[in-house]
């Protein structure tokens with residue numbers, strides 16, 4: 001379906017989509033600010049936000065992929081003398 005700009009229902013539907021996206025973007029900005037606040041609070045109690053971000057990323061990964069990456073990282077660290 002091709003919409004012609006300014007054509008009644010098509011323009012109204014497009015406007016609704018844009019407004020929904022704008023609301024979601026605002027919610028995303030608010031959530032990102034909340035997340036920054038949590039990292040800042042954790043930092044204030046002595047936790048390292050960089051490491052915490054890595055942990056969050058790792059927990060979201062597939063367990064098998066995470067295990068493969070851990071093993072490969074260990075191999076690479078040993079190869080360059082970081083073990």
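The values are calculated or read from the model by the stated rules, or taken from the named source; none is laboratory data. The structure presented is a predicted model; accordingly, all values stated were derived computationally and were not measured. Every residue, glycine as well, gets a Cβ built from its backbone with ideal geometry; the counts of neighbours run over all protein chains shown.
Being surrounded by 10 or more Cβ atoms within 10 Å (Cβ to Cβ) and in contact with a helix residue (DSSP H, G or I) (Cβ under 9 Å, 6 or more places away or on another chain) narrows it down to one of 52, 32, so name that one.
Values: 32 fails: in contact with a helix residue (DSSP H, G or I) (Cβ under 9 Å, 6 or more places away or on another chain).
Within the list 52, 32, the selection yields 52.
Could you tell me which numbered condition residue 14 fails, if it satisfies all but one of (1) at pLDDT 95 or above; (2) exposed (fewer than 11 other Cβ atoms within 10 Å of the Cβ)?
It fails just one condition, (2).
Listed here are the residues, each with its yes/no results for (1) surrounded by fewer than 10 Cβ atoms within 10 Å (Cβ to Cβ); (2) more than 20 Å from the chain's Cα centre (by Cα); (3) at pLDDT 95 or above.
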residue	(1), (2), (3)
3	no, yes, no
19	no, yes, yes
38	no, no, yes
44	yes, yes, yes
58	no, no, yes
63	yes, no, yes
71	no, yes, yes
74	no, yes, yes
83	yes, yes, no
